[in-house]
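Here is the structure we will look at, set down as C-alpha cells.
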Amino acid sequence: MKSIRSIALYDPRDGTIFHMHHVMTMEGCNPRSLTDIENDAISFAQKLGHRTDNMKILHAPDNVNPFTKYRIDLSTLQFVEVAVPNWTKIVDT
C-alpha cells in the first residue's frame, strides 16, 4: 500500500465527527486529488442520511487509525481519541 488519506466531516459546534472517509492508494496507482476525496466524503455522508450543509472538513494526519473513534478538539483542530465502552465484559448475576 502506498498511502491512506482520511477526511472527517464534523460538527463545528461540538467537534462530533459524523463521517470518516478513508481512501487507500495502492503501489502503482495514482493518488486521487484532495478535491475528489472531499467530494466523495460529502456524497457518501449524504447517502448515509447525514445533513452536510453545516459540517466542516478536516484532513486527518497519517497516524489516524481508521478503526478508532475520534472527535475534533475545536481549539486545536486535532483528532482526539474517544473511549469506547467495553461491551465484552460479562456481568455476574
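What follows draws every value from the coordinates through simple rules; no lab data is involved. Computed from a prediction, not measured in an experiment: that's the story for all the values here. Glycine gets a Cβ as well: all are built from the backbone with ideal geometry, and neighbour counts include every protein chain shown.
Remarks
- With a simple spin-label model that places each label point 7 Å from the Cα along the Cα-to-Cβ direction, the separation between Val84 and Met24 comes to 1.7 nm.
- The chain: chymotrypsin sites (Phe, Trp or Tyr not before Pro) in DSSP loop, at most 16 other beta carbons within 10 Å: Phe67, Trp87
- FRET efficiency estimate (nearest 0.05) - Cβ-Cβ, Lys69 to Arg32, R0 22 angstrom: 0.35
- Take every pair of alpha-carbon atoms less than 8 Å apart whose residues are at least six positions apart; their mean separation over the length of the chain yields a relative contact order of 32 percent.
- Farthest towards the positive end of the charge dipole of segment 3-81, among the residues Phe79, Ala45, Pro61, is the Cα of Ala45, using unit charges on the Cβ of Lys, Arg, Asp and Glu.
- Residue-count net charge about Asn65 - beta-carbon cut-off 15 Å; Lys, Arg +1, Asp, Glu -1: +1
- Structure remark: mean-square fluctuation, Gaussian network model of the chain, C-alpha springs under 10 Å; the largest value among Ala83, Ala45, Ala60 belongs to Ala83.
- Charges were assigned to the Cβ only: +1 to each Lys and Arg, -1 to each Asp and Glu. The resulting dipole of segment 3-81 about its Cα centre is roughly 180 debye.
- For the chain, the Kirkwood estimate of the hydrodynamic radius, built from every pair of different alpha carbons, is 14.7 Å.
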